[in-house]
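Trainee: Handing you this structure, nothing more for now.
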Amino acid sequence: MINRRLHRLKKLIAQIIILVTGYWLLVTSGYAQSISSIELINNAKLYDSKVVTYEGEVIGDIMVRGEFAWINVNDGQNAIGIWLDKNLPADILYTGSYKFKGDWVEVTGVFQRACLEHGGDLDIHAQTIRKIRQGRQILERLNTSKRNLGLVLLGVLCLVWILRRLKLK
């Protein structure tokens with residue numbers, strides 16, 4: 001009786017371990033771990049011609065060149081040029097600029113330390129691109145205290161100018 005319970009307990013523990021391991025593998029292998037721009041730049045020889053995953057904000061313009069396009073993706077430290085099929089960035093709505101926060105994307109592709117096709121520049125030739133977060137317009141508020149200070153200073157300047165003109169007459 002005790003032997004049978006011990007056998008069931010061992011079987012249950014084995015099933016739990018298999019389930020937890022399977023879940024962990026499913027979660028960790030679902031998406032590749034992104035590599036930072038600093039890691040790519042500092043270890044360019046290590047990653048050269050290897051498939052990498054890089055993520056960041058799309059900044060600047062989408063520059064179409066025939067059947068391909070360039071985008072720049074900034075991870076907060078550096079921007080890296082991404083060379084991709086011109087149809088891949090179709091769902092990118094916002095690119096980062098003074099008035100917009102760009103879409104946040106994850107790019108998987110071949111890292112080139114010194115791409116011969118593109119004049120020896122460091123870039124990634126994208127195979128896939130996935131939007132993680134959509135960008136948005138940045139609304140700037142007028143700083144009323146600065147405006148008021150400017151008006152006061154303008155008034156003082158006008159008063160000084162008028163008094164000086166009166167003194168000269």
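Trainee: Residue pairs, Cβ under 9 Å, 6 or more apart or interchain, first in region 52-70 and outside any strand (DSSP E or B), second charged (D, E, K, R). List them.
Mentor: Taking only residues 6 or more apart or on different chains, the pairs are G66/K86; E67/D85; E67/K86.
Trainee: Could I ask something else about it? Quick check, is N72 under 28 Å from K45 (Cα atoms) and of a type in the set (S, T, N, Q)?
Mentor: Values: under 28 Å from K45 (Cα atoms): yes; of a type in the set (S, T, N, Q): yes.
The answer is yes for N72.
Trainee: Taking I80, is it touching a Pro at 6+ places or on another chain (Cβ under 8 Å) and not in a loop (DSSP other than H, G, I, E, B)?
Mentor: Details: touching a Pro at 6+ places or on another chain (Cβ under 8 Å): no; not in a loop (DSSP other than H, G, I, E, B): yes.
Judged against the criteria, I80 is not a match.
Trainee: Specify the residue that is farthest from I59 (Cα to Cα); the eligible residues are those in region 74-101 that are of a type in the set (V, I, T) and at pLDDT below 95.
Mentor: Residues of region 74-101 that are of a type in the set (V, I, T), as a first pass: 80, 82, 92, 95.
Going one step further and asking which of them are at pLDDT below 95, we end up with 92, 95.
Values: I92: 11, T95: 5 Å.
Out of the qualifying residues, it is I92.
Trainee: Any residue at all in region 135-151 that's farther than 24 Å from L40 by Cα, within 11 Å of the chain's Cα centre (by Cα) and in contact (Cβ under 8 Å) with a residue 40 or more places away in the chain?
Mentor: The first filter runs over region 135-151 and keeps only residues farther than 24 Å from L40 by Cα, leaving 135-151.
Among the residues that remain, those that are also within 11 Å of the chain's Cα centre (by Cα) are: 135.
The next check asks that each one be in contact (Cβ under 8 Å) with a residue 40 or more places away in the chain; those that pass are 135.
Yes, because at least one residue in region 135-151 is farther than 24 Å from L40 by Cα, within 11 Å of the chain's Cα centre (by Cα) and in contact (Cβ under 8 Å) with a residue 40 or more places away in the chain.
Trainee: Would you be able to say whether some residue in region 77-90 is within 30 Å of Q33 (Cα to Cα), under 16 Å from the mean Cα position of the chain (by Cα) and charged (D, E, K, R)?
Mentor: no
Trainee: Separate question: Report yes if some residue within region 95-107 is more than 13 Å from the chain's Cα centre (by Cα) and of a type in the set (V, I, T); otherwise report no.
Mentor: No, the conditions are met nowhere in region 95-107.
The values are calculated or read from the model by the stated rules, or taken from the named source; none is laboratory data. Please read these numbers as outputs of a predicted model, since none were measured by experiment. Using ideal geometry, Cβ is built from the backbone for each residue, glycine included, and neighbour counts are taken over all protein chains shown.
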